[in-house]
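These notes concern the structure reproduced below.
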Amino acid sequence: ISDGSSKRKQASAPGDVTTSMPGNIVDVLVKPGDVVKAGQALLISEAMKMETEVPAPISGTVKAVHVAKGVKLERCTIGPNVAIDEGTVVTGCTLRDTIVGRNVTLVDSTVTRSVIGGDVEVRGRTLDEMIAAKDEVAKAP
């Protein structure tokens, strides 16, 4: 039984975008500084073997792009100030003020003010002001 409301968070600030379903980022069609029109495709996401263009909700200039091609997002709260590189999988996480490298797996974790290098796996952890590289996680200097 459902009351019809979605539990999934949606973009709320003017110009922010949200995909219609969790899935993979197949392509990013814009970069910071690009001028876009309302309705113009910004990125392409894939869910359930269907590709969907994610349009610009308003006309304007792209200020930032926080995901890369090949990123998989599911049940996440992302931002502000988050960059996620290609090949990364983020499931059930909250990320804020964080940089995430390539081929990282983040599951059921909260990460703030941290840098996570490539090929790192983080499961069920809370990281605040941390640096993670390979299998080591340390407090940021």
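Quick one: how many lysine pairs in region 10-141 have C-alpha atoms under 14 angstrom apart, if they're 8 or more apart or on different chains?
Total qualifying Lys-Lys pairs in region 10-141 comes to 4.
Under the Karplus relation 6.51 cos²θ - 1.76 cosθ + 1.60, θ = phi - 60°, what is the ordered set of whole-Hz ³J(HN,Hα) values for region 89-99, x standing for Gly and Pro?
10, 10, 10, x, 10, 10, 10, 9, 6, 9, 10
I need the calculated FRET efficiency for the pair D16 and A133, taking r as the beta carbon distance and R₀ as 30 Å, to the nearest 0.05.
Here the calculated transfer efficiency is 0.45.
Would you please give the FRET efficiency between D119 and T77, computed as 1/(1 + (r/R0)^6) with r the Cβ-Cβ distance and R0 = 25 Å, to the nearest 0.05?
0.55
Which whole-number percent gives the relative contact order of the chain, counting Cα pairs below 8 Å spaced six or more residues apart?
Rounded, it is 14 percent for the chain.
When N is the residue count of the chain, what does its C-alpha Rg come to as a fraction of 2.2 N^0.38 Å?
My calculation over the Cα atoms of the chain gives 1.08.
With both bridge residues required to lie in the chain, what share of the DSSP beta bridges run antiparallel, to the nearest 5%?
Percentage antiparallel, nearest 5: 45.
FYI, it's all coordinate maths here, none of it is from the lab. As the structure is a computational prediction, the values presented were derived from the model and not from experiment. No Cβ is skipped: glycine too gets one built from the backbone with ideal geometry, and neighbour counts run over all protein chains shown.
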